[in-house]
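In what follows, a structure is listed as structure tokens, so that the remarks can point back to it.
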Amino acid sequence: MQWLAHGFHGEMKYMATHGTRRARPAELVPGTVSVITARMDYLPRDTPLDDWQAVEFDRLTRPGEAIVSVYARGRDYHKVLRARLAKLAERIAEEVGPFGHRAFTDSAPVLEAELASRSGQGWRGKHTLVLDRNAGSMFFLGEIYVDMALPASEPVTAHCGSCSACIDVCPTKAIIAPYRLDARRCISYLTIEHGGPIPLELRPLMGNRIYGCDDCQLVCPWNKFAKKSALPDFDAREGLTGQGLASLFAWSEEDFLRFTQGSPIRRIGHERWLRNIAVALGNALRAGESGTAEALATRAAHPSELVREHVAWALAQRPARASAATPEQTAGSPYPAT
Ligand code: SF4
Ligand code: SF4
């Protein structure tokens, strides 16, 4: 409630509208007396586990490359996880008989991270996400509210210690204190949840991230132990990894809908997609990336005022004299050398 009172949720009004229903499961689903929590690893199956964090950090140093958050490179996790939770509930019913239940994954007013940490799925890191000693934080969360009393599992102890790597690495300083995130500064929020213009002062700090941001997780030492998904669903789709900003910026709305069919990216729509890429192209232009101004010029007269304004901002990032600096260097890179 304090976090909401500070306005840290930005435009995510749905976080405030449900009041205590969010914190009290029985107010959301009457009759709920226990919650089964679950998590599902999502690193794509071809992830090089030995150095996957370095591989991802490396992408940030290539200003012309478009970076989509790892979780969003494959199929929409909502569908995958909900189907698996339904299957789990069916299996339980085979054992204990019919019971009342409802499954959730990031789909209703449910305090997922808090339920997960109180039930022992991991502890809340200083970046506020849940992490586990054997799996890092690269997993999705899901819950089944049930009408039968189950023995409660215990929380695990926290292991952040004196580490503050996630706070230090955050490009926009969105983690304003340990365990406190100002979503309005977070690149994940800005590129996905936020509908209007991206604040000018944050644009140069976004580098080449066009959908979400993984930095606070990439730098976390516990993510050396992150696990690959057992499913093919989260494998990166063709076109969403290692792509040039200019080629994604050239997608028509039809292309966007086709390439993001069944992907979580689809929900932001083509206009926000172009807005996000325009910011990244502006940062690439400042870094001296060739072909960037030409790509931007193709959208200078786009029908959307939002897109036009971001394109104009991006074109104004052209340096007086082209330099070889990357967006990270331009913004003062806190990243570890890879
Ligand atoms: S996702 Fe990125 S911008 Fe958001 S808190 Fe983590 S490092 Fe900062
Ligand atoms: S980077 Fe450090 S402080 Fe942040 S969640 Fe990981 S262990 Fe905790």
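The values are calculated or read from the model by the stated rules, or taken from the named source; none is laboratory data. This one's a predicted model, so the numbers in the text were calculated from it and none came from an experiment. Every residue, glycine among them, receives a Cβ derived from its backbone with ideal geometry; neighbour counts consider all protein chains shown.
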Which members of the range 99-118 meet the condition of being among the small types (Gly, Ala, Ser) and in contact with a Pro (Cβ under 7 Å, 6 or more places away or on another chain)? SER117
Just to verify a result, which residue in the range 36-74, among those that are part of a strand (DSSP E or B) and among the hydrophobic types (A, V, I, L, M, F, W, C), is farthest from ILE268 (Cα to Cα)? ILE36
Checking the structure you have, find out if any residue of the range 73-90 is in contact with a helix residue (DSSP H, G or I) (Cβ under 6 Å, 6 or more places away or on another chain), buried (at least 19 other Cβ atoms within 10 Å of the Cβ) and either among the aliphatic types (A, V, I, L, M) or more than 19 Å from SER263 (Cβ to Cβ) (or both). yes
Cβ-Cβ distance below 6 Å, separation of 6 or more or different chains: which pairs start in the range 117-144 with a residue that is without any contact (Cβ under 8 Å) to a residue 40 or more places away in the chain and end on one that is of a type in the set (S, T, N, Q) and within 13 Å of ligand 2 (Cβ to nearest atom)? TRP123/SER117
Can you tell me which residues in the range 214-246 are among the acidic types (Asp, Glu) and farther than 19 Å from MET40 by Cβ? ASP215, GLU238
Selection over the range 13-54 where residues are touching a residue at least 24 places away in the same chain (Cβ under 8 Å), surrounded by fewer than 15 Cβ atoms within 10 Å (Cβ to Cβ) and of a type in the set (A, V, I, L, M, F, W, C) yields a count of 3
In the range 158-214, how many are closer than 19 Å to ALA113 by Cβ, among the aromatic types (Phe, Trp, Tyr) and touching a helix residue (DSSP H, G or I) at 6+ places or on another chain (Cβ under 7 Å)? 1
With criteria (1) at positive phi; (2) at pLDDT 95 or above, ASP106 comes up short on (2)
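Across the range 189-227, what is the number of residues that are part of a helix (DSSP H, G or I) and farther than 18 Å from ARG62 by Cα?
Residues meeting the conditions: 12.
Considering the range 23-35 alone, what residues qualify as being under 17 Å from HIS101 (Cα atoms), in a loop (DSSP other than H, G, I, E, B) and touching a Leu at 6+ places or on another chain (Cβ under 9 Å)? Walk me through it before giving the result.
Pass one, the range 23-35, residues under 17 Å from HIS101 (Cα atoms): 24-35.
The next check asks that each one be in a loop (DSSP other than H, G, I, E, B); those that pass are 24, 29-33.
If the condition is that a residue be under 17 Å from HIS101 (Cα atoms), in a loop (DSSP other than H, G, I, E, B) and touching a Leu at 6+ places or on another chain (Cβ under 9 Å), then VAL33 is the only one that fits.
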If ARG84 meets every condition in (1) modelled with pLDDT under 95; (2) more than 24 Å from ASN208 (Cβ to Cβ) apart from one, which number is that one? (1)
For the range 161-187, enumerate the residues that are in contact with a Cys (Cβ under 9 Å, 6 or more places away or on another chain) and either over 26 Å from ALA5 (Cβ atoms) or free of Cβ contacts under 8 Å to residues at least 40 places away in the same chain (or both). CYS163, ALA165, VAL169, PRO171, THR172, ALA174, ARG185, CYS186, ILE187
Counting only residues that are surrounded by 21 or more Cβ atoms within 10 Å (Cβ to Cβ) and within 16 Å of ligand 2 (Cβ to nearest atom), the range 224-250 contains a total of 1
Selection count, the range 175-193, where residues are more than 15 Å from ligand 2 (Cβ to nearest atom), touching a strand residue (DSSP E or B) at 6+ places or on another chain (Cβ under 7 Å) and among the aliphatic types (A, V, I, L, M): 2
Kindly indicate whether THR157 is surrounded by 21 or more Cβ atoms within 10 Å (Cβ to Cβ) and either of a type in the set (S, T, N, Q) or away from ligand 2 (no atom under 16 Å from the Cβ) (or both). no
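Among the residues that make up the range 120-130, is at least one of them surrounded by 14 or more Cβ atoms within 10 Å (Cβ to Cβ), farther than 22 Å from LEU218 by Cα and either away from ligand 1 (no atom under 16 Å from the Cβ) or modelled with pLDDT under 95 (or both)? Break it down into steps so the answer makes sense when it comes.
Start the filter on the range 120-130 by keeping residues that are surrounded by 14 or more Cβ atoms within 10 Å (Cβ to Cβ), which leaves 120-130.
Those left that are additionally farther than 22 Å from LEU218 by Cα: 120.
After this cut, where a residue has to be either away from ligand 1 (no atom under 16 Å from the Cβ) or modelled with pLDDT under 95 (or both) as well, the list is 120.
There is at least one residue in the range 120-130 that is surrounded by 14 or more Cβ atoms within 10 Å (Cβ to Cβ), farther than 22 Å from LEU218 by Cα and either away from ligand 1 (no atom under 16 Å from the Cβ) or modelled with pLDDT under 95 (or both).
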Those residues that are among the hydroxyl-bearing types (Ser, Thr, Tyr) and near ligand 1 (Cβ under 8 Å from one of its atoms), I need them from the range 188-238; list them, please. SER188, TYR189
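Give the range 202-213 a look and list any residue that's closer than 22 Å to GLY269 by Cβ and either surrounded by fewer than 24 Cβ atoms within 10 Å (Cβ to Cβ) or within 16 Å of ligand 2 (Cβ to nearest atom) (or both), or say none. Lay out the reasoning, then the answer.
The first filter runs over the range 202-213 and keeps only residues closer than 22 Å to GLY269 by Cβ, leaving 202-203, 206, 208-213.
Scanning the range 202-213 gives LEU202, ARG203, MET206, GLY212, CYS213.
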